[in-house]
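S.K.: My questions all concern the structure below.
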């Protein structure tokens, strides 16, 4: 319907901001220079045309209907009773005239209202077009624009909080501060390049071959590296991790799966081999989104169905981010257990049934976690060990406080990470050349490239193609 339009089209746009279905209400968002005038043609009473901004008007969406199948005459009919929130430019999300139409839920009412809007002159919005217009009209920068989609896609409350920090401008502020410090270094360098040799004094001539304000450049590089490291953690909160519960039959894998999930999802019996294929569910562990998988018991079997399940489980174990390997406390460590865990990375050893079979003193396995999948004992320690295991490493470790609740800016997208890496590379090359006493006319362009990379993060430096590609990933209505 709107494929022929592009993001620079200034038409009035409309889109569903909520998913149509069996709900009490449906919200339709509208924006554009003449939005209020257009909607007044299909709204009763007409007072909406003179409504001030930040007000809510009650009324009816109306449309034309044929009087008969043969007659060309039309009559005005009421379509749905609605509440319309009116926003006047520039005090709106997009910076344009905007309206939020709250109509009755269900598919029929929303579709009918949308058809009336199309007839009045609104076109369907492109993915992310509302946020695109907010960016173009200076309401938000690109980092805040991207955080809108992060917020919509957040899988846990911790993911939501981290996206909200960027929506509040923490990343924009950090990038701008670093960029401003590099601009000062660049400006100082270019001062020398603007003078001819006979205009530079002896003292200035000695300094002209050196990078001015080098300490400021080094401090900016340190801040950029800290930002770059933050992506390792943010990626975990956004994408989550794959965790596979493995072990011999009857070790209690399905019981632990149900305990972590807080519901009876997997069938639990005393019969070994009950789980024939893997079962998965999404859970949150200390705010980290986790795709948790319960697998078939690992053993040699002649049952063709169980054998397929074991093979699938083994394949999944090669793809996982972390393994929770259960040892049956009643049986203790078997040869099969030892064979599996030898030289195995990304593996947490869990001693299950610790309520009836505690871990023996002086046990040969270090860092084994006693847990009872039946009573829940030891789960807090398991959660802590899980977090430590998935914690990214950078020079040994990252700041655990930042991992739990970030107090500083952090990156939210791969695009931001790549541009920060670009800025680091340019700045490192400039500093390396400065250490080798290379001329400033070779160093200054590298500093400018670093500044431009940071400007691209916030959108100060951007192209139409890049913007359209980025916003096209958004959902319609945002």
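A quick yes/no check of all residues on (1) out of contact with any strand residue (DSSP E or B) (no Cβ under 9 Å at 6 or more places or on another chain); (2) in a helix (DSSP H, G or I); (3) crowded, with 21+ Cβ neighbours inside 10 Å:
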residue	(1), (2), (3)
90	yes, no, no
93	no, no, no
100	no, no, no
103	no, no, yes
117	no, yes, yes
132	yes, yes, yes
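S.K.: In region 367-406, how many are more than 25 Å from the chain's Cα centre (by Cα), modelled with pLDDT of 65 or more and in a loop (DSSP other than H, G, I, E, B)?
M.R.: 10
S.K.: Kindly establish whether residue 79 is touching a helix residue (DSSP H, G or I) at 6+ places or on another chain (Cβ under 6 Å) and within 17 Å of residue 12 (Cβ to Cβ).
M.R.: no
Residues are listed down the side, and each one gets a yes or a no for (1) in contact with a strand residue (DSSP E or B) (Cβ under 6 Å, 6 or more places away or on another chain); (2) part of a helix (DSSP H, G or I); (3) buried (at least 24 other Cβ atoms within 10 Å of the Cβ); (4) modelled with pLDDT under 90:
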site	(1), (2), (3), (4)
138	no, no, no, no
143	no, yes, yes, no
160	no, yes, no, no
163	no, yes, no, no
173	no, yes, no, no
180	no, yes, no, no
183	no, yes, no, no
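S.K.: Now for a separate question. Can you find a residue in region 117-130 that is outside the structural domain of residue 426 (by TED's automatic domain parsing), modelled with pLDDT of 90 or more and under 16 Å from the mean Cα position of the chain (by Cα)?
M.R.: No.
S.K.: Turning to a different aspect of this structure: Report yes if residue 211 is at pLDDT below 90 and surrounded by 21 or more Cβ atoms within 10 Å (Cβ to Cβ), otherwise no.
M.R.: Against the criterion (at pLDDT below 90 and surrounded by 21 or more Cβ atoms within 10 Å (Cβ to Cβ)), residue 211 qualifies.
S.K.: May I ask you to verify whether residue 106 is modelled with pLDDT under 90 and under 26 Å from residue 454 (Cβ atoms)?
M.R.: For residue 106, the condition - modelled with pLDDT under 90 and under 26 Å from residue 454 (Cβ atoms) - is not met.
S.K.: Okay, next question. Every residue in region 230-249 that is surrounded by fewer than 18 Cβ atoms within 10 Å (Cβ to Cβ) and part of a helix (DSSP H, G or I), please.
M.R.: Passing the criteria: 232, 235, 239.
S.K.: Return yes when residue 152 is at pLDDT below 90 and either under 16 Å from the mean Cα position of the chain (by Cα) or part of a helix (DSSP H, G or I) (or both) and no when it is not.
M.R.: yes
The values are calculated or read from the model by the stated rules, or taken from the named source; none is laboratory data. Note that the structure is a prediction, hence the values are computed from the model and not measured. Here Cβ is always computed from backbone atoms with ideal geometry, including for glycine, and neighbour counts include all displayed protein chains.
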